[in-house]
Structures are given as structure tokens and as C-alpha cells.
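The values are calculated or read from the model by the stated rules, or taken from the named source; none is laboratory data. Owing to the predicted nature of the structure, the values given are computational and were not obtained by experimental measurement. Note that we place each Cβ from the backbone using ideal geometry, even for glycine, and neighbour counts take in every protein chain shown. To get the accessible areas, we keep the full protein, side chains included, count just its heavy atoms, and leave off ligands, DNA and RNA. Shrake-Rupley method; radii C 1.70, N 1.55, O 1.52, S 1.80 Å.
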Amino acid sequence: MSLHFDDAVTLAAAIRRKEVSSREVLEAHLHRIEDTNPAVNAIVTLDVERASADAAAADDRLAAGAEVGPLHGLPIAHKDLTDTAGLRTTYGSPLFAEHVPTRDDPIITRLRAAGVVTVGKTNTPELGLGSHTFNPVFGVTRNPYALDRSAGGSSGGAAAALAAGMIPIADGSDTGGSLRNPASFCNVVGLRPSPGRVRSGPSPTPWPSLSTKGPMGRTVADTALLMAVLAGDDSFAAPLHRDPRRLRVAWTPDLGGLLPVEPAVIDALEPAVRRFQEAGADVVLDCPDLAAADEVFRVRRAWHLERLYGTLLDQHREALKPDAVRNIEQGRALKDADLDRADRLHTALQRQVAEFFARYDALLAPVSQVVPFDADLVHPTSVAGVEMSDYLAWMGACSTFSATHCPALSVPAAFTPEGLPVGLQVVGPPGQDRAVLEIGGAVEEACRAGRRRPPEPANPAAAGG
């Protein structure tokens with residue numbers, strides 16, 4: 001029975017109706033992992049014994065007539081940055097290569113209560129830094145649509161596993177694009193929620209953290225189903241519908257001229273935006289003033305990273321990758337005046353964004369400034385002929401919106417002539433996460449790019465490198 005590309009909403013309903021057992025669903029996905037993971041390297045710690053026990057317990061609960069959660073019996077793999085009790089969690093770092101947490105992160109507790117079957121962990125960059133998934137512990141995660149290309153990051157393992165049919169839903173996290181960039185690269189859906197909508201562990205800073213946990217799926221509806229559990233808000237699970245004829249949205253190909261964007265990205269997205277317009281949406285070329293967002297993002301991120309990893313730098317400098325050392329030291333170099341300036345810029349930025357969304361239901365923009373790049377690169381060093389100052393610069397299409405506290409959704413929108421996925425970003429006012437999902441569903445229906453599946457690897461062992 002082939003179940004690995006069925007959507008999560010359908011699978012969950014079929015399990016509850018006892019049309020298929022959790023054991024059968026798990027078996028189908030384990031076979032898929034066996035067939036495709038050697039080439040893709042998305043799931044890095046696989047626990048078949050634990051998953052089998054979870055699936056058996058799920059079937060027993062249904063047979064006993066017990067009440068079950070909305071994700072009952074669905075297999076999932078958790079991002080390797082998220083603590084999972086009893087399951088190796090490395091953060092992609094040699095310092096934690098054998099680390100086995102004794103406690104679950106709060107989102108794992110919610111997922112378990114909702115009935116998931118945990119199969120393992122998904123790959124992430126070292127300490128989650130960067131939007132290309134590779135690390136010294138597990139190596140590179142490859143894009144299922146083109147195995148020589150990046151799957152994005154830092155939730156790259158999650159996105160690649162979804163795209164390849166290894167799991168139907170995935171949890172991830174996003175600071176500067178870590179849910180959205182890999183979703184765009186792998187032709188799946190990723191939601192960066194408004195800060196505070198998904199509660200996780202305590203923050204080391206008094207500011208609302210730039211980083212937030214969030215859901216991924218192959219469809220917007222699947223992503224919303226998972227969001228309902230992560231946020232503890234059943235309203236996300238209600239059917240999504242938004243008539244595009246009642247929408248007024250802005251579209252910006254380059255954030256108002258703020259960023260260089262590869263022509264291949266714009267060439268792919270402009271027809272997708274036209275299809276949304278042809279479906280009835282009122283689309284206007286416009287963008288708020290986002291010039292201050294980069295400074296806000298970089299200052300807050302550096303300060304946050306120093307609070308998180310400063311002790312690691314003091315004790316294990318030689319074991320940290322250079323970008324991690326540089327970012328932590330940037331945090332240490334910040335003065336009170338730098339933090340005060342970032343705070344004032346952020347206040348002004350939020351005001352400008354609020355005024356913009358008084359006129360529009362959403363803003364459409366590229367998710368990434370580049371198409372999926374060579375997996376052997378550390379990061380793109382130039383975009384559209386413009387040199388990138390560091391490994392963060394090419395991620396500006398996402399990190400800019402992280403600084404605004406707006407919810408942002410990556411939706412499959414198009415493919416390049418070479419068959420590389422390109423996502424469209426749907427950004428809404430802070431707190432309007434449900435509306436962003438609804439509009440994303442309308443974009444999904446207009447574009448229909450998410451229905452295209454990756455090719456089967458011809459020789460997984462060779463393709464994995």
C-alpha cells in the first residue's frame with residue numbers, strides 16, 4: 001500500500017476511521033525512508049523500535065475506543081535542534097554528537113499529546129546557523145528535486161524529508177528564514193508564526209526572540225493542522241478558505257529595490273503572481289519601507305546568540321565553526337547604544353508595517369533571492385552580480401520579515417526551466433497567522449506547483465556522495 005505521498009489531513013482521518021492502521025502508515029513511510037534517505041540524508045537519527053511501539057500503542061488506543069488527538073498515528077521526525085527525551089539530539093555539533101536529552105521541548109510534549117509517532121530526527125546546520133543544511137556530524141542534506149543542490153536550512157532535513165515522502169508533517173524553527181527557505185527550495189509549505197504564537201523554552205533575552213518554532217507540510221491545510229497543535233489553538237484546524245476576489249495584496253519582486261534577486265527567481269514568480277491575479281485577487285506593485293530591518297535583525301540576532309552560546313565559545317572555541325565564533329563575538333561587541341538604536345528602529349519599522357497593512361491584506365514576495373544552489377557550496381557568495389558580505393546576506397528576503405514580527409508563509413509557486421522549485425512568500429500583519437494561511441491556500445490553489453513530486457533517485461548510494 002502506497003501511503004507516503006498522501007496528505008496528512010487525509011491520513012489522519014483514515015486512521016481515525018480505521019480504514020488504515022498506524023502500523024501500516026508507519027511501514028509505508030519506513031520503506032520510503034529506506035529507499036530515499038541514503039541519497040537525500042534528511043533523517044539523521046532513525047529509531048524504528050520506538051516508532052513501531054508508538055504505532056502499536058496508537059492502534060491499541062483506537063481499538064479500545066479511547067479519545068485520540070488530531071495527529072493520532074501520523075509519523076513525524078523532529079528537527080535536530082529540538083530536545084526529544086530519550087532520542088539523540090545533536091544540534092548538528094560535534095560537541096553534542098552523543099547528546100540524549102532527558103526532557104522534551106514543550107512542542108514535543110504537545111505533539112506527543114496530539115498522537116504523533118516519532119520516527120527520528122531531521123538534519124540541521126551546526127547550531128542551526130545558516131540556511132544550507134550541512135554539519136560535521138551527519139554531512140549534507142540534498143534537495144530531492146536535484147540531488148546536487150541545497151535543500152536550504154536550517155530546517156533543511158525536515159523540508160527534504162517532506163518533499164521525498166518520508167514523513168507527512170514536520171516541525172521546524174525559523175530565525176532568519178529557516179522554515180521558509182528550505183520550504184521554497186524543496187517545494188513544500190513552511191510557516192514562520194508571529195512571535196509568541198508557538199510557545200517553546202525560555203528566552204535568554206528580554207526581547208521577544210527572533211527565533212520561533214513552526215510547522216511544515218506538503219500542503220497549506222497540513223501545515224495548518226500541525227499549527228493548531230503547536231499553537232494550542234483549534235481555530236487553525238478549521239477548513240481554510242479565502243476568496244481571492246475579495247483580496248487586495250501587494251507584490252514586490254525585490255522588497256522595493258532593497259535586495260538583489262536572481263532573474264531566475266523573478267522569472268518564475270511573476271507568472272505565478274499573474275495566475276493569482278487571474279483568480280481574482282487585486283494585486284498592486286508596492287512594498288513598505290523595510291530599510292531598517294537588516295540592522296534590527298542583525299543586532300538582535302547577535303545579542304541573542306551570545307546569550308545562547310557564549311559559554312560554548314569560552315569553553316570550546318576550537319570546536320565551533322568560524323561563522324558561529326564570529327556571530328557570538330559580534331554579540332559581545334554590542335554596546336548599550338547599539339541596542340537602544342535597534343529598539344528605536346524596530347519601533348519605527350513596526351509602525352510603518354502597520355500602516356502598510358491597513359491598505360493590504362497581505363504582501364507577496366520572493367522567499368529566497370536565489371534558486372537552490374550547489375550543495376557543495378557553503379553559501380552563495382553573490383546574487384545577481386552583487387557580492388554578499390557574509391552568509392546571512394543572501395537570506396535577506398526572509399530575514400527582513402523576521403525583524404517585523406509578521407507571520408510569513410512559503411508556498412510552492414513555480415519551477416525554473418531546469419526543474420528547481422521556487423516558493424512565494426505570503427506575509428501578513430503581526431498576529432494574523434490564520435489569515436496568512438488562508439491567503440496561502442488561495443495562492444496554492446492558483447499555482448498548483450505543490451502537486452509536482454521529485455524524481456526517484458536512480459542510484460541512491462551514488463547520489464548521496
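In what sequence, highest mean first, do 259-271, 419-431, 213-225 appear when ranked by Cβ atoms within 10 angstrom?
Working: 259-271: 18.2, 419-431: 24.5, 213-225: 26.7.
Taking the mean over residues of other Cβ atoms within 10 Å, the ranking is 213-225, 419-431, 259-271.
Please list, in chain and number order, the residues 5+ apart from A408 or on another chain whose amide H is under 5 Å from its amide H, with Hs placed from the backbone.
R192
Determine the per residue accessible area of segment 286-424 with all protein chains present and a 1.4 angstrom probe, expressed in square angstrom. Kindly include the intermediate steps, with their values, before the conclusion.
Working: 5680 Å² over 139 residues.
I get 41 Å² per residue for this part.
Hey, which lysines would be in cross-link range of K335, C-alpha to C-alpha under 28 Å, not counting anything within fewer than 8 residues on its own chain?
Filter leaves K321.
I need the fraction of alpha carbon pairs in segment 348-388 separated by more than 13 Å, rounded to a whole percent. Present the calculation step by step, with values, prior to reporting the outcome.
Numbers: 562 of 820 pairs.
Result: 69 percent of Cα pairs exceed 13 Å.
Order these peptides, 182-188, 389-395, 165-171, 406-412, by their mean beta-carbon neighbour count within 10 angstrom, highest first. Kindly include the intermediate steps, with their values, before the conclusion.
Numbers: 182-188: 34.1, 389-395: 20.0, 165-171: 28.4, 406-412: 30.4.
Highest-to-lowest ranking by the protection proxy: 182-188, 406-412, 165-171, 389-395.
Would you mind pulling out the separation of the Cα centroids of segment 45-66 and segment 321-340, in Å?
Segment 45-66 and segment 321-340 have Cα centres separated by 46 Å.
For segment 317-465, state the average projected area of the convex hull of the C-alpha atoms over all orientations, rounded to one decimal in nm². Walk me through the intermediate numbers first.
Details: hull surface 52.2 nm².
Seen from a random direction, the Cα hull of segment 317-465 projects 13.1 nm² on average.
How much of the accessible area of the chain, probe 1.4 Å, is carbon plus sulfur, in whole percent?
50
Quick check on segment 31-186: take the gyration tensor over C-alpha atoms, sort the square-rooted eigenvalues as a ≥ b ≥ c, and tell me if it's rounded (a/c under 1.5), prolate or oblate. Mind dumping the intermediate values first?
Values: a/c = 1.86, a/b = 1.54, b/c = 1.20.
Prolate is the answer for segment 31-186, as a/c is 1.5 or above and a/b outweighs b/c.
Which far-off residues, 5 or more places away or on another chain, put their amide H under 5 Å from the one on W251, with H placed in the peptide plane?
Here V284, L285, D286, L364 satisfy the definition.
How high is the relative contact order of the chain, given as a whole-number percent (alpha carbon pairs under 8 Å, six or more residues apart)?
Working: 1101 pairs, mean separation 81.0, N = 465.
Relative contact order comes out at 17 percent.
Per the Kirkwood formula on distinct C-alpha pairs, the Rh of the chain is how many angstrom?
Values: mean 1/r = 0.0458 Å⁻¹.
That comes to 21.8 Å for the chain.
Return one whole number: the accessible area per residue of segment 155-243 in Å², for a 1.4 Å probe.
Here the per-residue accessible area is 23 Å².
Roughly speaking, what is the stretch gain from D282 to R452, that is 0.36 nm per residue apart minus the C-alpha to C-alpha distance, in nm to one decimal?
Values: separation 170, 0.36 × 170 = 61.20 nm, distance 2.70 nm.
Additional length available on full extension: 58.5 nm.
Assuming a viscosity of 1.306 mPa s and a temperature of 10 °C, what translational diffusion coefficient in µm² per second does Stokes-Einstein assign to segment 48-115, Rh being the Kirkwood radius over Cα pairs? Intermediate results must be reported in sequence, preceding the final value.
Details: Rh = 13.1 Å.
Estimated diffusion coefficient is 121 µm²/s.
Within the chain, what's the longest run with no GluC sites (Glu not before Pro) in a DSSP loop and at most 13 other beta-carbon atoms within 10 Å? Give the range, please. Present the calculation step by step, with values, prior to reporting the outcome.
Numbers: sites that count: E19, E67, E98, E418.
Free of exposed loop sites, the longest segment is 99-417.
Express in % the proportion of alpha carbon pairs of segment 149-297 at distances exceeding 17 Å. Show your work: numbers first, answer last.
Details: 7709 of 11026 pairs.
The proportion of pairs with Cα distances above 17 Å equals 70 percent.
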